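The values are calculated or read from the model by the stated rules, or taken from the named source; none is laboratory data. Note that the coordinates shown come from a computational prediction; the quantities given were computed from them, not determined experimentally. Every residue, glycine among them, receives a Cβ derived from its backbone with ideal geometry; neighbour counts consider all protein chains shown.
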Amino acid sequence: MSKYQAPRGTFDVLPEAARSRAKVEAAAEGIFARAGYERIATPAFEDTELFERGVGKSTDIVRKEMFTFEDKGGRSLTLRPEGTAPICRAYVEHGMHKLAQPVKLFYSGPFFRHERPQAGRYRQFHQIGAEAIGSDSPLADAEAISLLSNLLAGLGVPGVELRLGSLGSLEARRSYLEELKAHLHANEPELSEDVRERIDINPLRAFDSDDEGTRGVMAAAPTIVERLEGEDAGHFEEVRALLDAAGVSYVIDPTLVRGLDYYTRTIFSFVCEGLGAQSEVGGGGRYDGLIEQLGGPATPAIGWAAGIERILLALGDEAGESRRDAFVAVADESQRRRAMALAGEMRASGKTVEIDLAGRTLKGQLKHADRIGARRVVILETDETAQLRDMATGEQREVSPDSVLTEIND
RNA sequence: GCGGCCAUAGUUCAACGGUAGAACUUCGCGUUGUGGUCGCGACAAUGAGGGUUCGAUUCCCUCUGGUCGCCCCA
């Protein structure tokens, strides 16, 4: 055990894992590009207050999971625990409401939450996310959800289920929660202890309880979806119809819980079986009040984030082979300089090429070439002769050093 | 933040309280210029700190980290 280790809840991404990660990111970038989403990057840390106001002071994230520190000027800063509030900050700060609406943005990068690590949960984790800011149309909801659905399907993430719900407007949500709390308080004696303790903190959680008494109480409890009315109900209806039309399957989950305060109306969660306790691979929702909350004009928006580590976990270990088109070996030390020059030319023509950097014997060079997965090896013998060896078949023939470049391109 | 389980070479695993072993990997050798297979050799470990004991990888405590669950979320 070495003296220094990656800090608790963090990890190194070694080359093999980096290849799998790159695939996920490339798939996402393709999907975003084709849907007209553009990349945005925001700082790794922000004013602490941004998250307190944006995510909500009563949320677990703000109450106990933020990496907060003071800089030398006495400012309170926090490593970003999520991506939506910073992007809304940027939207307001740069007057992006003057651009053609909605502004469609995506991001990919590290986020930080001080939690107890476990499978699929880290203190520094990575999310890919999308935000469509400036449209209140159900079409924006359906498009955003479709993108994530397509991403997970395209990557082949198995056993994914989309859960869909709606919280209504902020007012509707508030009055519903009061009604639910009243119902729970009225039936307190039948509730399990942990549910009872959380009535005022997170009453929606009671719907997930497997306690028999609690289940009885919840069977008679009102659901928010039932309480939707007017435009909220119409919006939800339309989102559902659009998803149906797009062939995106989902289940309505009236008990869907989101731990961030800014969500309104549509919320959704993609869960994946067999991921253990952290089964959500991606999720999000509409946040029609956040921009205004942060000092901008009243602006509706919707977005989501997906956890890269959870996606990779769900995909399992698919060891991507690392390959090289060729390896340039030397049979004689006098050929080293020519090997270097030849490798340079081959790289310039688009090939993946390596040379020996360790002063190995020819035998050692062949062995190394095999290990790194080189398809072919060029062996420079003299200024006039060279061999071209196919590593898979073992076939080898003499070629002129000047023709190697064309030979290798066949 | 709370509870359970765990910690030995780079990796995966052994070792009754009594000499820490193996496999894979890496490097080298099997003659003079040719990889994979095979044979031989070398490097390499008890997470940290205390305690009990003649003696601790083994038992106890603290810390660090991992893992599973709770909570929460991506």
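Take the residues in segment A:338-364 that are among the polar types (S, T, N, Q) and either in contact with a Lys or Arg (Cβ under 6 Å, 6 or more places away or on another chain) or at pLDDT 90 or above (or both), then tell me which one is surrounded by the fewest Cβ atoms within 10 Å (Cβ to Cβ).
Only one residue fits best here, namely A:SER349.
Are any residues in segment A:135-170 surrounded by fewer than 21 Cβ atoms within 10 Å (Cβ to Cβ) and either outside any helix (DSSP H, G or I) or of a type in the set (D, E, K, R) (or both), and if so, which ones?
A:SER135, A:ASP136, A:SER137, A:GLY156, A:PRO158, A:GLY159, A:VAL160, A:GLU161, A:LEU162, A:ARG163, A:SER169
Which residue, of A:GLU309, A:GLU345, A:GLU354, is in contact (Cβ under 8 Å) with a residue 24 or more places away in the chain and away from RNA strand B (no atom under 15 Å from the Cβ)? I'd like the intermediate steps shown before the answer.
On the way: A:GLU309 fails: away from RNA strand B (no atom under 15 Å from the Cβ); A:GLU354 fails: away from RNA strand B (no atom under 15 Å from the Cβ).
Testing whether each residue is in contact (Cβ under 8 Å) with a residue 24 or more places away in the chain and away from RNA strand B (no atom under 15 Å from the Cβ) leaves just A:GLU345.
Residue-wise test of (1) among the charged types (D, E, K, R); (2) touching a residue at least 60 places away in the same chain (Cβ under 8 Å); (3) out of contact with any Phe, Trp or Tyr (no Cβ under 9 Å at 6 or more places or on another chain); (4) under 14 Å from A:ASP332 (Cβ atoms).
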| position | (1), (2), (3), (4) |
| --- | --- |
| A:GLN365 | no, no, no, yes |
| A:ALA386 | no, no, yes, yes |
| A:ASP390 | yes, no, yes, no |
| A:GLU395 | yes, no, yes, no |
| A:ASP402 | yes, no, yes, no |
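Can you name the residue in segment A:218-253 that is within 16 Å of RNA strand B (Cβ to nearest atom) and crowded, with 18+ Cβ neighbours inside 10 Å and is also farthest from A:ASN187 (Cα to Cα) among such residues? Reasoning before the result, please.
Kept after step one, since they are within 16 Å of RNA strand B (Cβ to nearest atom), are these residues of segment A:218-253: A:218, A:224, A:250-251, A:253.
Those left that are additionally crowded, with 18+ Cβ neighbours inside 10 Å: A:218, A:224, A:250, A:253.
Numbers: A:MET218: 10, A:ILE224: 19, A:TYR250: 32, A:ASP253: 23 Å.
The selected residue is A:TYR250.
For segment A:284-292, indicate whether the set of residues that are within 29 Å of A:LEU50 (Cβ to Cβ), at pLDDT 90 or above and among the aliphatic types (A, V, I, L, M) is non-empty. Full working, then the answer.
To start, the set of residues in segment A:284-292 that are within 29 Å of A:LEU50 (Cβ to Cβ) comprises A:284-292.
Next, from what is left, pick out any that are at pLDDT 90 or above: A:284-292.
Subsequent filtering for residues that are among the aliphatic types (A, V, I, L, M) retains A:290-291.
Yes: one or more hits.
Return yes when A:PHE45 is within 22 Å of A:GLY9 (Cβ to Cβ), surrounded by fewer than 19 Cβ atoms within 10 Å (Cβ to Cβ) and modelled with pLDDT of 95 or more and no when it is not. Give the steps one after another, and end with the answer.
On the way: within 22 Å of A:GLY9 (Cβ to Cβ): yes; surrounded by fewer than 19 Cβ atoms within 10 Å (Cβ to Cβ): yes; modelled with pLDDT of 95 or more: yes.
Against the criterion (within 22 Å of A:GLY9 (Cβ to Cβ), surrounded by fewer than 19 Cβ atoms within 10 Å (Cβ to Cβ) and modelled with pLDDT of 95 or more), A:PHE45 qualifies.
Can you name the condition, by its number, that A:ARG19 falls short on among (1) basic (Lys, Arg); (2) surrounded by 15 or more Cβ atoms within 10 Å (Cβ to Cβ); (3) touching a helix residue (DSSP H, G or I) at 6+ places or on another chain (Cβ under 8 Å)?
Looking at each condition in turn, A:ARG19 falls short on (3).
Search segment A:341-361 for residues being touching a strand residue (DSSP E or B) at 6+ places or on another chain (Cβ under 6 Å) and outside any strand (DSSP E or B), and hand back the single one that is farthest from A:SER322 (Cα to Cα). Even if it seems obvious, please write down each step before you answer.
Keep residues of segment A:341-361 that are touching a strand residue (DSSP E or B) at 6+ places or on another chain (Cβ under 6 Å), which gives A:342-343, A:346-347, A:351-355.
If we keep only those that are outside any strand (DSSP E or B) as well, we get A:342-343, A:346-347, A:351-352.
Details: A:LEU342: 22, A:ALA343: 18, A:MET346: 18, A:ARG347: 17, A:LYS351: 14, A:THR352: 11 Å.
Selected residue: A:LEU342.
Residues of segment A:96-134 being over 19 Å from A:PRO86 (Cβ atoms) and in contact with a Lys or Arg (Cβ under 7 Å, 6 or more places away or on another chain), which ones? Give the steps one after another, and end with the answer.
First pass over segment A:96-134, keeping only residues over 19 Å from A:PRO86 (Cβ atoms): A:98, A:100-101, A:115-122.
Once the filter is applied, which keeps residues that are over 19 Å from A:PRO86 (Cβ atoms) and in contact with a Lys or Arg (Cβ under 7 Å, 6 or more places away or on another chain), segment A:96-134 yields A:GLU115, A:PRO117, A:GLY120.
Within segment A:306-327, is even one residue at pLDDT 95 or above, touching a strand residue (DSSP E or B) at 6+ places or on another chain (Cβ under 9 Å) and under 23 Å from A:VAL103 (Cβ atoms)?
Yes; the residues of segment A:306-327 include at least one that is at pLDDT 95 or above, touching a strand residue (DSSP E or B) at 6+ places or on another chain (Cβ under 9 Å) and under 23 Å from A:VAL103 (Cβ atoms).
Looking at A:LEU151, A:LEU155, A:LEU147, can you tell me which residue is more than 13 Å from RNA strand B (Cβ to nearest atom) and closer than 24 Å to A:VAL13 by Cα?
Details: A:LEU151 fails: more than 13 Å from RNA strand B (Cβ to nearest atom); A:LEU147 fails: closer than 24 Å to A:VAL13 by Cα.
Unique residue meeting the criteria: A:LEU155.
Output yes when any residue across segment A:173-186 is more than 24 Å from A:THR59 (Cβ to Cβ), touching a strand residue (DSSP E or B) at 6+ places or on another chain (Cβ under 9 Å) and not aliphatic (A, V, I, L, M), and no when none is. Walk me through how you get there before you give the answer.
If we filter segment A:173-186 for residues that are more than 24 Å from A:THR59 (Cβ to Cβ), which is where we start, we get A:186.
Adding the requirement that they be touching a strand residue (DSSP E or B) at 6+ places or on another chain (Cβ under 9 Å) leaves none.
No - not one qualifying residue is present in segment A:173-186.
For residues that are out of contact with any strand residue (DSSP E or B) (no Cβ under 9 Å at 6 or more places or on another chain) and either within 16 Å of RNA strand B (Cβ to nearest atom) or among the small types (Gly, Ala, Ser) (or both), tally how many sit in segment A:123-141.
First, pick out the residues of segment A:123-141 that are out of contact with any strand residue (DSSP E or B) (no Cβ under 9 Å at 6 or more places or on another chain): A:137, A:139.
Right, trim to either within 16 Å of RNA strand B (Cβ to nearest atom) or among the small types (Gly, Ala, Ser) (or both) and you get A:137.
Matching residues across segment A:123-141 total 1.
I'd like the residue in segment A:372-392 that is more than 16 Å from A:ALA343 (Cα to Cα) and near RNA strand B (Cβ under 6 Å from one of its atoms) and, out of all such residues, is surrounded by the fewest Cβ atoms within 10 Å (Cβ to Cβ).
If we take residues in segment A:372-392 being more than 16 Å from A:ALA343 (Cα to Cα) and near RNA strand B (Cβ under 6 Å from one of its atoms), then A:ALA392 is surrounded by the fewest Cβ atoms within 10 Å (Cβ to Cβ).
Table: residues versus (1) in contact (Cβ under 8 Å) with a residue 12 or more places away in the chain; (2) near RNA strand B (Cβ under 10 Å from one of its atoms); (3) surrounded by fewer than 16 Cβ atoms within 10 Å (Cβ to Cβ).
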position: A:PHE11; (1), (2), (3): yes, yes, yes
position: A:ALA26; (1), (2), (3): no, no, yes
position: A:TYR37; (1), (2), (3): yes, no, no
position: A:ILE40; (1), (2), (3): yes, no, no
position: A:GLU49; (1), (2), (3): yes, no, yes
position: A:LYS64; (1), (2), (3): yes, yes, yes
position: A:GLU82; (1), (2), (3): yes, yes, no
position: A:ALA85; (1), (2), (3): yes, no, no
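Any residue that is in contact with a Ser or Thr (Cβ under 8 Å, 6 or more places away or on another chain), modelled with pLDDT of 90 or more and closer than 26 Å to A:ALA18 by Cβ - is there at least one of those in segment A:245-268?
No: segment A:245-268 contains no residue that is in contact with a Ser or Thr (Cβ under 8 Å, 6 or more places away or on another chain), modelled with pLDDT of 90 or more and closer than 26 Å to A:ALA18 by Cβ.
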